[in-house]
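The block underneath contains the structure these notes are about, expressed in structure tokens.
Derivation of every value follows stated rules applied to the coordinates shown; laboratory data play no part. The structure presented is a predicted model; accordingly, all values stated were derived computationally and were not measured. Virtual Cβ from ideal backbone geometry, glycine too; neighbours counted across all protein chains shown.
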């Protein structure tokens, strides 16, 4: 068999922690995968920003793009690589460029997903342009913000139609709050969206190819504690529904990875923010959940690169709309959408690939996440975000979170023995749980807010 190397490029901005984890774990795997008549290995490197010849072939089989949603020069290089060189890129650069929150709200409304009532309003201020004044004088109509608030319903949230990262989001409870938020909105086109309050759950569901993880989210906590570590907080049916919705969103818009923020009220999910095709991947946000995301990066990218997965350049929405026309019961309809999504993500072959070729990933990753290299990666991100006097405390805090995950991961993969008596539970699981409790340390206080230790629940298959 011929030895073939698939080249993977990481297109990065400020990311420092997960790329180091990704590169070192892939290197430790040292894979040689039989694909047809070839033995496929992998080489990972970080892409550079430099002039390029449009006719010069791109050297990457796959690019993981974490940059071009805000840096257009690199986005144009990626477009060229897809069109001329057949490079597989996630996410689809044309979709990322054109699908802001407004479009995604409209699309899910068309699919019958319950988006809270939403209005859009013109910007308060404008950039000067030659024909602006005459255009506004002729066609711009006066409007009553209070009337819009009444139509949408208070409480509501005013937020940029294309924003992210909670930038410019304001909760408004009445007409006075509406006017105040609008006066501060500057040149942004704004959405006014009804607040689903009170609600039963607030989650973020991360989708990476066909992989999903739903995390209970606390938007009022400090940034490093918003992703909670709680488990068993929803029913199996509610979990299946939010996973199906997330996969539907990602397949519909051609996004390989994305996160869906949604509110659950009376067993109905209301997606409120799901145009996030460059989702948070940092240990300083994800802590316990960070290893899952790193492994998801590895699984999906290696599968796509090894199998030369073809890039879906054009979006095909019609199959979803055909399902909508069938007037199915709601959950059945969403399940049918998810079937399309799982087919587009080639879920069956992905799972077979992982089982056959990446069976050592869990073991290798668990070992790496306990290493000095992991601590170094965490420290790199802490130094980038926290003041100097907090570097040691927060490096230790996030490293302890990862060690707690390691203990739970080992426990979940430990061989299960037949239960003979109340005293015969697997020793491995009990020992792992004790180790997990031992590594918990007080959460350091940030200079912005005092924080409390996150409660971690041992995840074991008992």
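Results, tabulated for the structure shown:
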read-out: √(5λ) per eigenvalue of the Cα gyration tensor, region 117-194, largest first, Å; value: 23, 15, 10
read-out: In degrees, nearest ten, helix 236-253 long axis to first principal axis of the chain (Cα); value: 70
read-out: Potential lengthening between residue 363 and residue 235 on full extension [0.36 nm per residue; Cα-Cα distance subtracted]; value: 43.1 nm
read-out: Ranked list, fewest to most other Cβ atoms within 10 Å of each Cβ, for 412, 235; value: 235, 412
read-out: Prolate/oblate/rounded label for region 191-297 (Cα gyration tensor, a/c 1.5); value: rounded
read-out: Segment residue 392-residue 187, length gained on full extension (0.36 nm per residue, minus Cα span); value: 69.7 nm
read-out: Cα gyration tensor, region 296-421 - rounded (a/c under 1.5), prolate or oblate; value: prolate
read-out: Rh (Kirkwood; distinct C-alpha pairs) - region 2-98, Å; value: 14.4
read-out: Angstrom value of the Kirkwood radius, inverse mean 1/r, which spans all Cα pairs in region 62-161; value: 17.3
read-out: Crossing angle, helix 330-344 versus the chain [Cα axis fit, 0-90 degrees, rounded to tens]; value: 60
read-out: Crossing angle, helix 17-29 versus the chain [Cα axis fit, 0-90 degrees, rounded to tens]; value: 30
read-out: Rounded Å value of the spacing that divides the Cα centres of region 83-145 and region 37-57; value: 34
read-out: MRE, 222 nm, helices only [DSSP H, n ≥ 4, -39500 (n - 2.57), over the chain, to nearest 500]; value: -13000 deg cm²/dmol
read-out: The chain: translational diffusion in µm²/s, Stokes-Einstein, Kirkwood Rh over Cα pairs, 37 °C, 0.692 mPa s; value: 135
read-out: Bridge type composition, the chain - antiparallel percent by DSSP, nearest 5; value: 70
